[in-house]
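Working notes, beginning with the structure itself.
The values are calculated or read from the model by the stated rules, or taken from the named source; none is laboratory data. Given the structure is predicted, the values throughout are model-derived calculations rather than measurements. Please note: Cβ atoms are built from the backbone with ideal geometry, for glycine as well, and neighbour counts cover all protein chains shown. Heads up: the accessible areas ignore ligands, DNA and RNA and are worked out on the full protein's heavy atoms, side chains in. Shrake-Rupley method; radii C 1.70, N 1.55, O 1.52, S 1.80 Å.
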Amino acid sequence: MSVRHRGDLAIGVVGGGSWGTTLAHLLARNGNDVLLWVRRKGQATEINKKHTNERYLPGYTLDPRIRATTRLEDIPYRCQAILMAVPPSVLREVAFRVGDHLRGDQILVSATKGLEDETFYRMSEVLQQETCCKKIGALSGPNLAREIMDGQPAATVVASRFDEVVETIDGLLSSPRMRVYGNKDIVGVELVGALKNILAIATGVATGMGLGDNAKAFLLTRGLAEISRLGVAAGADPLTIVGLSGVGDMIATCSSPLSRNHQVGRRLGEGETLPDILDSMVMVAEGVHTARVAHSYAATLGIDMPITRGVFQLLHQGRAAHEVLEDLMGRPSNYEIDGTPIP
Amino acid sequence: MRTADKERVLVEVTSRVLERRVQDARSGGMPLENLLNDTLFHERKRLEREAPSGYRDADMAVWNEVGRVLGHAPEEQLRDLLKRIIERYVLEVMGNFNETFYNVTSNMMPMGLGLMLNGLSPRRLLQPGSLVPSLHDSVRLSGNLEQLQKLQHRGTILLVPTHSSHMDSIALGWALHELGLPPFLYGAGFNLFMNPIMGFFMGNLGAYRVDRKKKNGLYKEVLKVYATYALELGYNNLFFPGGTRSRSGAIEQNLKLGLAGTGLEAYIQNLANGKMHPRVFIVPVTLSFPLVLEAETLIEDHLKEAGKARYIITDDEFSRPRRVWQFMKDVIRLEASIHVRFCPALDVFGNEVDDDGHSLDKRGRRIDTTRYVLTEGVPCPDPQRDREYTTELGKAISRSFRNHNVVLSTHLLAFAVFRMLRVLNPQLDLYRLLRTGGEEDGLQMTRVYGVMNSLLAIIADEEKEGRIVLNPALQGRSTADVVGEALRYFGSYHVHHVVERRGDRVFAADMNLLYFYHNRLNGHGLETRLDAFIRGESE
């Protein structure tokens, strides 16, 4: 399905990090004109002249149908469908600025995984609050940027209550190398997509500590259980958790050395400190932030999330990995499904 | 419906419903034969339960005839049969509408109340010189009244009030009269037409008849299309999105959105027809009564085991003129006020609108709403998309109800006392608590004052955030005053006092009613802070 009503329209991508650029490349490779907003002039020039984005996707050549711009208003002015791929911490500000020029028939999709600090809003909720758009969706799934740039097959989920959003994004992104699934449960897709980054850090820590596969499987499975609890309390469909944006993304993130969150965890487990690790990384590991937000979100909803708590303590309270592990292993025994204590 | 419009309504509504159904059948939906059989089945089932009457017999004869024809009707006759049934429904819905009455409705409405107060016969009211008591002292209007008056010239208005009592219709009628607004089309249940008090007026108040016993899809569709088309013709409309009077006493949060969607449908149709004022404004209204006429019946119904509760109640307090009279007498004697609050208007998508009727996004920027309904550049309905828009609207209405819930002294005292009993009796589940009233022998007055202080402070915080409204008459009054007022109200009208003071203790004399009035403050999350306070106090 084509969303282009006028010849000069393009698909908009806001954010020139590795994921935003990868999305722009995917869209362009499918024959769409893509307008990509990036913050820095130099980066825009590089993308337009050399078709590369060396800082975020070193070594890859981008499709020449991508046009980069630093003028944010170009995006709402020229694009009928817009994907937002900026970090959670700046999404609100950027969305508000885009919102000055948006119209109600445009499609707005969040491609950012995360939750807003303090408010615990999901990214699509932020879009709803900062723009007049109603046709809003969220894109999530096991989508490691480099694998996609390498042309490897992958699948993703677009979640929206509006069929039109699902159909449009499917039409734009689907290709022999990318399968798109739809989901109506936008709450679930966004929540698990954000929260699974915490588990990626947790298994990274286990790897760094030299723990075996039993321990990792335990962390992942029980991690999913606590994510489900939070998700269901927030209105998610529990089945979404076993879908691509939940278990799917978790398998990719938690087993791949490419994942930034996994890297942070591994280095923590090896004994490095968080400030040192973050200083040496170009890109943001969203799980670091999400762990803090999820920790207080769980407290607000009155949900017990011991693994999230452990990761939070490790990242933000300076506790040692072996202490956190001892805490987790030393908890009273429970029934697996409903969590009631074994007397 | 004006007489001049009646014929076009009959023709248009009939053909819209018919076309939809024929189209639906053609594209693989329910075949016409099944639709007719289904309608017949539901109608027969309904009639079997109906008490014998001439009306029932006539209706039965019609449906038996439908059954006979349906048995061996060739394909081409099915469409005709369906058309006749639809026409029958449309005519029934339009009812016996009298244009003269419609035009003077704003004068008639307050008389409805005068009638109740005086216990006069309806006929005598129509005579010149009848005494109509002023309602100025009993009904308080608040909210953005100016906006409402302006918006009526910028589009069509769809009022969506909370519903806790049949007195709502009267209070609303009065409010609209006070604001100088024309009468609103209003789909009222058959039972109201049958009511000895209201029956006389309903047909003439812009009300059309809704028979809630007819549960078949075809009838419901006729109602919806009728309401939509009336909006398109510029008739302001009113319906209760809660569907029925709130049984629990709580402000409605789970809304029935079927009719809410008519605003959007009419808007799209108006755009497509190039109407000069295509907009439909949704105006939520909260009605707050210090005492609810039918409280006893409603809460009893709410507390019945699931499945036994009745959707339609015909034998409640409202059907007993003496009770209504007593209620009104008490309201006047106590100088109690009924609060009608008009919330800020919304567009059909749930966005707020400014006084000129322009839609605003959440950051206050103007929106071109025509964009929401374009398909390939043309305004066009899209069932899936429009359902989502209507869901958004429903959420916005619920939010308005909560944020503009006007808190009265009786709600406050009931909430405080009920929470105290709940916290002090953690071992009792709700039903046991309601049955036994807890294990304390009354609550110390000083403790009740303490909890009320805390509750008032919590409400003040919430009000600052725009999440609730404290009755302005209570602002600045002492806690003792507020409690005193509530005790006075609770000590009147109801057969059993709800809460009463004996010596230095407060007793919950009727737990069900206490629960009912307490429920009005549900959904605000007040209990978390209040319960913590009560717990702290009792330690």
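In terms of accessible area, using a 1.4 Å probe and ignoring ligands and nucleic acids, B:LYS329, B:LYS304 rank largest first as B:LYS329, B:LYS304.
Only helical runs count toward this figure. For chain B, summing -39,500 (n - 2.57) over DSSP H runs of n ≥ 4 and dividing by all residues gives -16500 deg cm²/dmol at 222 nm. Residue by residue, the stretch B:273-280 carries 3J(HN,Hα) couplings of 8, x, 4, 5, 10, x, 6, 10 Hz when phi is fed to the Karplus relation 6.51 cos²θ - 1.76 cosθ + 1.60 (θ = phi - 60°); x denotes Gly or Pro. Counting heavy atoms of the protein chains alone, B:LYS275 has an accessible area of about 80 Å² for a 1.4 Å probe.
Surface calculation, 1.4 Å probe, protein heavy atoms: B:LYS362 sits at approximately 120 Å² accessible.
Near the amide H of B:GLY143, within less than 5 Å, lie the amide hydrogens of B:PHE342, all on another chain or at least 5 residues away, with H placed in the peptide plane. Accessible area buried by the pairing of B and A, both sides summed with a 1.4 Å probe, works out to roughly 1700 Å².
Here the Gaussian network model covers chain A, with springs between Cα atoms less than 10 Å apart; of A:LEU328, A:LEU35, A:LEU224, A:LEU328 fluctuates the most. Once C-alpha pairs closer than 8 Å and six or more residues apart are averaged by separation and normalised to the residue number of chain B, the relative contact order reads 15 percent.
Normalised radius of gyration (Cα atoms, divided by 2.2 N^0.38 Å) for chain A: 0.98.
Taking the Cα centroid of the stretch B:1-80 and of the stretch A:79-123, what is the distance between the two, rounded to the nearest whole Å? Between the Cα centres of the stretch B:1-80 and the stretch A:79-123 lies a distance of 49 Å.
Take each peptide in B:461-470, B:152-161, count the other Cβ atoms within 10 Å of every residue, and average; sorted highest first, the result is B:152-161, B:461-470. When shorter helices are ignored and each DSSP H run of at least 4 residues is given -39500 (n - 2.57), the per-residue value for chain A at 222 nm works out to -15000 deg cm²/dmol. Note down the Stokes-Einstein diffusion coefficient of the protein assembly as shown in µm²/s, whole number, using a Kirkwood radius over alpha carbon pairs, 4 °C, and 1.567 mPa s. Reported coefficient: 42 µm²/s.
Residues whose amide H lies under 5 Å from that of B:GLY187, counting only those 5 or more places away or on a different chain, are B:TYR208, B:LEU238; hydrogens are built 1.01 Å from N in the peptide plane.
Stokes-Einstein diffusion for chain B at 4 °C, viscosity 1.567 mPa s, with a Kirkwood radius from C-alpha pairs, works out to 52 µm²/s.
Per residue of B:383-389, other chain Cβ atoms within 10 Å of the residue Cβ number 4 on average. The base-10 log of I(q)/I(0) for the stretch B:406-538, evaluated at q = 0.12, 0.14, 0.16, 0.18 Å⁻¹, reads -0.41, -0.57, -0.75, -0.97 [Debye formula, identical scatterers on Cα atoms, solvent excluded]. For the stretch A:6-113, the convex hull drawn through the C-alpha positions has a volume of 95 cubic angstrom per residue. Only beta bridges with both residues in chain B are counted; by DSSP, about 45 percent of them are antiparallel.
In the complete set of protein chains, residue-level accessible area for B:HIS177 is approximately 50 Å², probe 1.4 angstrom. Counting only other chain Cβ atoms within 10 Å of each residue's Cβ, the peptide B:354-362 averages 2. Backbone phi angles across the stretch A:228-240, fed through the Karplus curve with coefficients 6.51, -1.76 and 1.60 (θ = phi - 60°), yield HN-Hα couplings of 4, 4, 5, x, 5, 4, 8, x, 7, 7, x, 5, 4 Hz in residue order; Gly and Pro are listed as x.
The accessible-area ordering, largest first, of the residues B:SER398, B:SER15 stands as B:SER15, B:SER398, per a 1.4 angstrom probe.
When Rg and the Kirkwood radius Rh are both evaluated on Cα atoms of the stretch B:3-93, their ratio Rg/Rh stands at 1.00. Once C-alpha pairs closer than 8 Å and six or more residues apart are averaged by separation and normalised to the residue number of the stretch B:3-93, the relative contact order reads 44 percent. Taking all protein chains together, B:HIS72, A:HIS322 sort by accessible area into B:HIS72, A:HIS322, largest first [probe 1.4 Å].
Take the alpha carbon atoms of the stretch A:199-264, find their center, do the same for the stretch B:202-270, and report the distance between the two centers in whole angstrom. Answer, in whole Å: 48.
Relative contact order for the stretch B:406-538: 41 percent, from Cα pairs under 8 Å spaced at least 6 residues apart, divided by residue count.
Taking amide hydrogens as placed 1.01 Å from N in the peptide plane, the amide H of A:MET178 sits under 5 Å from those of A:ALA154, each at least 5 positions away in sequence or on another chain. Here the 3J(HN,Hα) profile of the stretch A:28-42, calculated from phi with Karplus coefficients 6.51, -1.76 and 1.60 at θ = phi - 60°, is 5, 5, 7, x, 8, 6, 10, 10, 10, 8, 10, 6, 9, 4, x Hz, Gly and Pro shown as x.
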